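Here's the structure, in structure tokens; my notes come after.
The values are calculated or read from the model by the stated rules, or taken from the named source; none is laboratory data. What you see is a predicted model; the values in this text were computed from it and never measured. Please note: Cβ atoms are built from the backbone with ideal geometry, for glycine as well, and neighbour counts cover all protein chains shown. Heavy atoms of the whole protein, side chains included, go into the accessibility calculation; ligands, DNA and RNA do not. Shrake-Rupley method; radii C 1.70, N 1.55, O 1.52, S 1.80 Å.
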Amino acid sequence: MACSKYILTNTGSTIVNFSYRRCDDSLWDYQVELTPNQTKNIWVVNGTYTVANAFKSSISLIDEGAFPSTAVTPTPTPSNSPTPTNTPTPSVTATQTSTPTQTQTPTNTITQTQTQTPTNTETQTQTPTPTQTQTPTPTLPLQSFSVFSGTTSNESCEDGTSVTIYAFNALFDQNTQFYTTSTGSVTYNMAGFYSDGTSVVELDSNGNLIGSFNLCSSVPTPTPTPTNTKTPTPTPTVTQTPTSTFAWYSYTLGTGATANDSCTAFSSSPQTIYGSISGGVGPNVGEYLYETTGRPLTDVAPDGYYSNGTAWYQVTGGLGQITSSDPNGCL
């Protein structure tokens with residue numbers, strides 16, 4: 001598997017993010033943040049680096065080529081050893097390796113230098129290996145989610161089988177890959193629907209996201225009684241309770257009639273939209289969005305699509321509630 005070293009620098013004034021597949025363990029890193037003026041070195045599997053169009057102009061990318069490098073071990077060192085036939089001075093001659101002309105002399109000294117060259121060459125190749133700086137990359141711990149699985153979205157939302165799955169992002173509806181173990185592997189067929197009680201998503205056999213996250217209360221069900229009793233109860237509570245606490249969350253989002261329109265509008269005409277504290281840092285499926293600040297927040301966000309340049313969120317029902325989202329919908 002071919003890998004390259006990239007040097008990324010955020011030249012803009014806002015936080016940007018990108019995704020890529022790590023070279024050391026072939027796992028994906030999603031939504032990696034790059035703060036203004038921050039520089040990061042990454043070792044990436046060729047062809048897997050992705051970034052939203054809105055962020056491309058803010059990220060300076062230097063491709064240092066294939067990694068590990070194919071040009072290794074500067075073996076001109078032997079040419080210096082022929083000059084001193086006395087054994088004790090290898091350290092002084094080592095500084096003269098920069099002179100390319102001395103490469104002409106190896107024919108005389110091949111027999112004597114051959115024994116000393118391997119030791120120097122070995123240490124030279126050992127040094128860059130740890131410099132790959134791959135230690136910090138895999139340290140991100142996996143988050144665990146106690147969810148309900150089923151063969152349909154209704155089944156997982158209402159009476160699915162309780163299982164534990166794992167992903168990198170602490171927010172359930174902002175992940176695009178899930179695993180069956182805390183070490184990041186998939187040990188059984190994960191095809192089906194999974195719900196955390198609020199939103200539901202379909203995964204393929206390898207735990208990859210299919211489609212988008214959807215609000216459980218918006219999923220059509222043949223037994224509307226339990227769904228209807230739950231939907232009205234949280235609606236006023238979620239919206240009204242946090243407004244008397246303090247402040248609100250501000251989001252810069254593009255809006256549009258389609259998901260694609262909202263992704264484009266994020267870079268061309270973004271708007272400030274507000275979310276209640278109880279919704280958590282998001283936006284998230286189930287959260288309510290508003291156009292005007294205050295206690296309480298007012299002017300619910302109209303139905304349509306909203307985007308942060310990477311993910312899109314759909315608001316339906318006329319109450320400003322996010323009912324579905326796709327974390328990588330704009331990529």
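Inspect segment 75-90 for any residue being surrounded by 12 or more Cβ atoms within 10 Å (Cβ to Cβ), modelled with pLDDT of 90 or more and either among the β-branched types (Val, Ile, Thr) or touching a Leu at 6+ places or on another chain (Cβ under 6 Å) (or both) and give the result as yes or no. Give the derivation first.
The first filter runs over segment 75-90 and keeps only residues surrounded by 12 or more Cβ atoms within 10 Å (Cβ to Cβ), leaving 75-84, 89-90.
Of the ones still in play, those that are also modelled with pLDDT of 90 or more are none.
Checked segment 75-90: no residue is surrounded by 12 or more Cβ atoms within 10 Å (Cβ to Cβ), modelled with pLDDT of 90 or more and either among the β-branched types (Val, Ile, Thr) or touching a Leu at 6+ places or on another chain (Cβ under 6 Å) (or both).
Please enumerate the residues belonging to segment 258-300 that are open to solvent by 60 Å² or more (accessible area, probe 1.4 Å), at pLDDT below 90 and in contact with a Phe, Trp or Tyr (Cβ under 8 Å, 6 or more places away or on another chain).
Scanning segment 258-300 gives a single hit, 281.
Looking at the structure I just gave you, is residue 135 in a loop (DSSP other than H, G, I, E, B), open to solvent by 40 Å² or more (accessible area, probe 1.4 Å) and at pLDDT below 50?
Against the criterion (in a loop (DSSP other than H, G, I, E, B), open to solvent by 40 Å² or more (accessible area, probe 1.4 Å) and at pLDDT below 50), residue 135 qualifies.
Restricting attention to segment 29-72, which residues are open to solvent by less than 50 Å² (accessible area, probe 1.4 Å), of a type in the set (A, V, I, L, M, F, W, C) and modelled with pLDDT under 90?
Listed by number, the residues that qualify are 52, 54, 55, 67.
When you go through (1) open to solvent by less than 40 Å² (accessible area, probe 1.4 Å); (2) under 22 Å from residue 283 (Cβ atoms); (3) modelled with pLDDT under 95 one by one for residue 160, which number turns out not to apply?
Answer for residue 160: the failing condition is (2).
Quick one: which residue in 283, 296 is assigned to a loop (DSSP other than H, G, I, E, B) and either among the β-branched types (Val, Ile, Thr) or farther than 30 Å from residue 20 by Cα (or both)? Show your work before the answer.
Values: 283 fails: either among the β-branched types (Val, Ile, Thr) or farther than 30 Å from residue 20 by Cα (or both).
296 is the lone residue from the list that is assigned to a loop (DSSP other than H, G, I, E, B) and either among the β-branched types (Val, Ile, Thr) or farther than 30 Å from residue 20 by Cα (or both).
If the Cβ limit is 7 Å and pairs must be 6+ apart or interchain, which residue in segment 275-298 that is under 17 Å from residue 316 (Cα atoms) and β-branched (Val, Ile, Thr) pairs with which residue that is part of a loop (DSSP other than H, G, I, E, B) and open to solvent by 10 Å² or more (accessible area, probe 1.4 Å)?
285/198
Could you list, in sequence order, all residues of segment 154-180 that are of a type in the set (Ser, Thr, Tyr), closer than 10 Å to residue 143 by Cα and assigned to a loop (DSSP other than H, G, I, E, B)?
none
Determine the pairs where a residue that is without any contact (Cβ under 8 Å) to a residue 40 or more places away in the chain, located within segment 29-46, has a partner that is among the small types (Gly, Ala, Ser) and open to solvent by 50 Å² or more (accessible area, probe 1.4 Å) with Cβ atoms under 8 Å apart, the partner being 6 or more residues away or on another chain.
Once the first residue is without any contact (Cβ under 8 Å) to a residue 40 or more places away in the chain and sits in segment 29-46, its partners that are among the small types (Gly, Ala, Ser) and open to solvent by 50 Å² or more (accessible area, probe 1.4 Å) give 36/13.
Among the numbered criteria (1) within 23 Å of residue 29 (Cβ to Cβ); (2) open to solvent by 50 Å² or more (accessible area, probe 1.4 Å), which one does residue 198 miss?
(1)
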